[in-house]
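Worksheet: the structure to be examined is printed underneath.
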Amino acid sequence: MNILVLNAGSSSLKYELWQTSLEAIAAQQDKRLLQGEIERVNSMSDALTAACEAGASACPDNPIEAVGHRVVHGGDIFHSSVVINEEVENQIEALSVLAPLHNPHNLEGIRVARRHLPDVPHVAVFDTAFHFTLPPYAYAYGLPYDLLKTKKIRRYGFHGISHRYVSWKFAQLHGKTTAHYRLITCHLGNGCSVCAVEHGRSVDTSMGFTPLEGVMMGTRSGDVDAGAILHLVIQEKWQPMDVLHMLNSESGLKGISGVSNDMRDVLKRASEGDARSNLAIETFCYRVRKYIGSYLAAMNGADAIIFTGGIGENSSGIRMRICEGLSNLGVGIDGNANLSTNRDPRRIGWGNIPVWVVPTQEELLIARDTLRLIVSST
Ligand code: ADP
């Protein structure tokens, strides 16, 4: 079956075309036929027309038979992937208040794609769904209980598609299921999050009510004392939208270094002796290390630590700096293995707690979920 996977953002449309089947999944012979991105999207309809045309020319003999959509926020409604109908669209729309920067764009992608391809099933795969298994003590904030119950203020967690994929892949490489392992998965890309995966279930994760919480990111602050924000609003008279912009777009690596949100630029400037770039990198690594430590505590140990995402997969230096303070906990990185630029999943540390790099494949997981749902519902 040919499945178009769409990731509709605020100004871009990423798409991939996958050919898969139950047999292909079992044999891991799913094939990616096409990968593309349309940047600076003005009209989602035009962008989708272009993506569908590219898809059609990549497989002229077989039409697109289903569409899988990445949706950031599934709230406490969607615990797994679903076939999209009118009601699901409306629920995703209602969840936009929880993810105003993401869900409206995802939903627009869904609506336009359903108009473009009305005769094929469309499936939504949520970034939050994998974290549905968090126990209440991990998702509750220390806030009045009423806010949890009536306003749904709680940890949801994101990047679930990636955390789920790399933990599955790790287990599969060992010929086992995820039920055998306690894993700490570190997705370090533009957005960054760490996840504790116990026996295949997410039991804690660093992103929270929004993708702002947790480790420091390219432009997002990660954890910050809410009191500091209140100080800016009350004493310094900052407007809420200014605070939102500062926390999401002017903080993190970019905010501390003043150089860039791209780790490669910050590393380069740090190597030239720039003190702020060095501080940005030290802060970044220290915070990831602290989260790894807290998830070792959450699971009473771990069977592996897995790095993924643009930084996690490509930056040997960042991986080294994150892990170098963990040697007494049994985490060690092998210098040569760490430096390898091999693109396959690979082990890079031989301590008691092995360290791995597992490249993520979120689109593949979306294509597989889409296929499985369609097959099981027909
Ligand atoms: P997204 O989270 O948007 O999917 P990616 O996972 O592709 O993004 O991660 C993008 C980030 O990965 C870039 O901003 C860059 O900082 C980082 N990155 C990519 N390659 C390298 C590298 N060789 N060294 C360090 N950082 C890298």
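The values are calculated or read from the model by the stated rules, or taken from the named source; none is laboratory data. Keep in mind that this is a model prediction, so the values were computed, not measured. Cβ sites come from the backbone with ideal geometry, for glycine too, and all protein chains shown count toward neighbours. Heavy atoms of the whole protein, side chains included, go into the accessibility calculation; ligands, DNA and RNA do not. Shrake-Rupley method; radii C 1.70, N 1.55, O 1.52, S 1.80 Å.
Looking only at the range 38-92, count how many residues are at pLDDT 95 or above and outside any loop (DSSP other than H, G, I, E, B).
Result for the range 38-92: 15.
With the condition kept exactly as written, say whether any residue in the range 292-313 is of a type outside the set (V, I, T), open to solvent by less than 30 Å² (accessible area, probe 1.4 Å) and assigned to a strand (DSSP E or B).
Within the range 292-313, the first condition is being of a type outside the set (V, I, T), and the residues that meet it are 293-304, 307, 309-310, 312-313.
After this cut, where a residue has to be open to solvent by less than 30 Å² (accessible area, probe 1.4 Å) as well, the list is 293, 295-296, 299, 301-302, 304, 307, 309, 312-313.
From the residues that got through so far, the ones that are assigned to a strand (DSSP E or B) too are 304, 307.
For the range 292-313, residues of a type outside the set (V, I, T), open to solvent by less than 30 Å² (accessible area, probe 1.4 Å) and assigned to a strand (DSSP E or B): present.
Which pairs turn up if I take residues in the range 1-21 that are within 18 Å of H73 (Cβ to Cβ) and look for partners that are basic (K, R) and surrounded by fewer than 24 Cβ atoms within 10 Å (Cβ to Cβ) with beta carbon separation below 6 Å, at least 6 apart in sequence or on another chain?
N7/K14; N7/R70
Give the number of residues within the range 309-332 that are out of contact with any His (no Cβ under 6 Å at 6 or more places or on another chain) and within 16 Å of the ligand (Cβ to nearest atom). Walk me through it before giving the result.
Here is the first cut: in the range 309-332, the ones out of contact with any His (no Cβ under 6 Å at 6 or more places or on another chain) are 310-332.
Filter once more, so that each one left must be within 16 Å of the ligand (Cβ to nearest atom): 310-323.
The number of residues fulfilling the criteria is 14.
Would you confirm, using the coordinates I've provided, whether R368 is closer than 30 Å to H69 by Cα, among the charged types (D, E, K, R) and not in a loop (DSSP other than H, G, I, E, B)?
On the way: closer than 30 Å to H69 by Cα: yes; among the charged types (D, E, K, R): yes; not in a loop (DSSP other than H, G, I, E, B): yes.
So R368 passes the test.
Being assigned to a helix (DSSP H, G or I), of a type outside the set (D, E), away from the ligand (no atom under 14 Å from the Cβ) and under 30 Å from R32 (Cβ atoms) is the requirement here; does I374 meet it? Spell out the reasoning first.
Values: assigned to a helix (DSSP H, G or I): yes; of a type outside the set (D, E): yes; away from the ligand (no atom under 14 Å from the Cβ): yes; under 30 Å from R32 (Cβ atoms): yes.
It is true that I374 is assigned to a helix (DSSP H, G or I), of a type outside the set (D, E), away from the ligand (no atom under 14 Å from the Cβ) and under 30 Å from R32 (Cβ atoms).
Are there helices (runs of 4 or more DSSP H) fully within the range 189-273 with at least 1 residues that are without any contact (Cβ under 8 Å) to a residue 40 or more places away in the chain and within 13 Å of the ligand (Cβ to nearest atom)? List them.
Details: elements: 226-234, 240-249, 252-257, 263-271.
Where helices (runs of 4 or more DSSP H) fall fully within the range 189-273 and carry at least 1 residues being without any contact (Cβ under 8 Å) to a residue 40 or more places away in the chain and within 13 Å of the ligand (Cβ to nearest atom), they are 252-257, 263-271.
So which residues in the range 281-291 are of a type outside the set (V, I, T), open to solvent by 10 Å² or more (accessible area, probe 1.4 Å) and within 16 Å of the ligand (Cβ to nearest atom)? Talk me through it step by step, then tell me what you get.
Within the range 281-291, the first condition is being of a type outside the set (V, I, T), and the residues that meet it are 282, 284-287, 289-291.
Filter once more, keeping what is open to solvent by 10 Å² or more (accessible area, probe 1.4 Å): 282, 286-287, 289-291.
Listed by number, the residues that qualify are E282, R287.
Is there any pair with a first residue in the range 303-331 that is in contact (Cβ under 8 Å) with a residue 60 or more places away in the chain and a second that is acidic (D, E) and within 16 Å of the ligand (Cβ to nearest atom) whose Cβ atoms are under 8 Å apart and which are 6 or more apart or on different chains, and what are they?
Listed pairs, sorted by first residue: F307/E313.
What number goes with the only condition from (1) over 22 Å from the mean Cα position of the chain (by Cα); (2) open to solvent by 20 Å² or more (accessible area, probe 1.4 Å) that C59 does not pass?
(2)
Only residues that are in a helix (DSSP H, G or I), open to solvent by less than 80 Å² (accessible area, probe 1.4 Å) and among the β-branched types (V, I, T): list them for the range 115-169, please.
Of everything in the range 115-169, those that are in a helix (DSSP H, G or I), open to solvent by less than 80 Å² (accessible area, probe 1.4 Å) and among the β-branched types (V, I, T) turn out to be T133, I161, V166.
When only residues in the range 353-370 that are in contact with a helix residue (DSSP H, G or I) (Cβ under 8 Å, 6 or more places away or on another chain) and of a type outside the set (A, V, I, L, M, F, W, C) count, which is farthest from the ligand (Cβ to nearest atom)? Quick ask: steps written out before the conclusion?
Filtering the range 353-370 down to residues in contact with a helix residue (DSSP H, G or I) (Cβ under 8 Å, 6 or more places away or on another chain) leaves 353, 355-362, 364-366, 368.
After this cut, where a residue has to be of a type outside the set (A, V, I, L, M, F, W, C) as well, the list is 359-362, 368.
Numbers: P359: 10, T360: 7, Q361: 12, E362: 8, R368: 19 Å.
My answer is R368.
Take N336 and decide whether it is open to solvent by 30 Å² or more (accessible area, probe 1.4 Å), more than 26 Å from D223 (Cβ to Cβ), assigned to a helix (DSSP H, G or I) and polar (S, T, N, Q).
Values: open to solvent by 30 Å² or more (accessible area, probe 1.4 Å): yes; more than 26 Å from D223 (Cβ to Cβ): yes; assigned to a helix (DSSP H, G or I): yes; polar (S, T, N, Q): yes.
For N336, the condition - open to solvent by 30 Å² or more (accessible area, probe 1.4 Å), more than 26 Å from D223 (Cβ to Cβ), assigned to a helix (DSSP H, G or I) and polar (S, T, N, Q) - is met.
Scan the range 315-328 and give yes if some residue there is of a type in the set (S, T, Y), open to solvent by less than 40 Å² (accessible area, probe 1.4 Å) and in a helix (DSSP H, G or I), otherwise no. Can you show your working first?
From the range 315-328, those of a type in the set (S, T, Y) are 315-316, 327; that's our starting set.
Among the residues that remain, those that are also open to solvent by less than 40 Å² (accessible area, probe 1.4 Å) are: 315-316.
Filter once more, keeping what is in a helix (DSSP H, G or I): 316.
Yes; the residues of the range 315-328 include at least one that is of a type in the set (S, T, Y), open to solvent by less than 40 Å² (accessible area, probe 1.4 Å) and in a helix (DSSP H, G or I).
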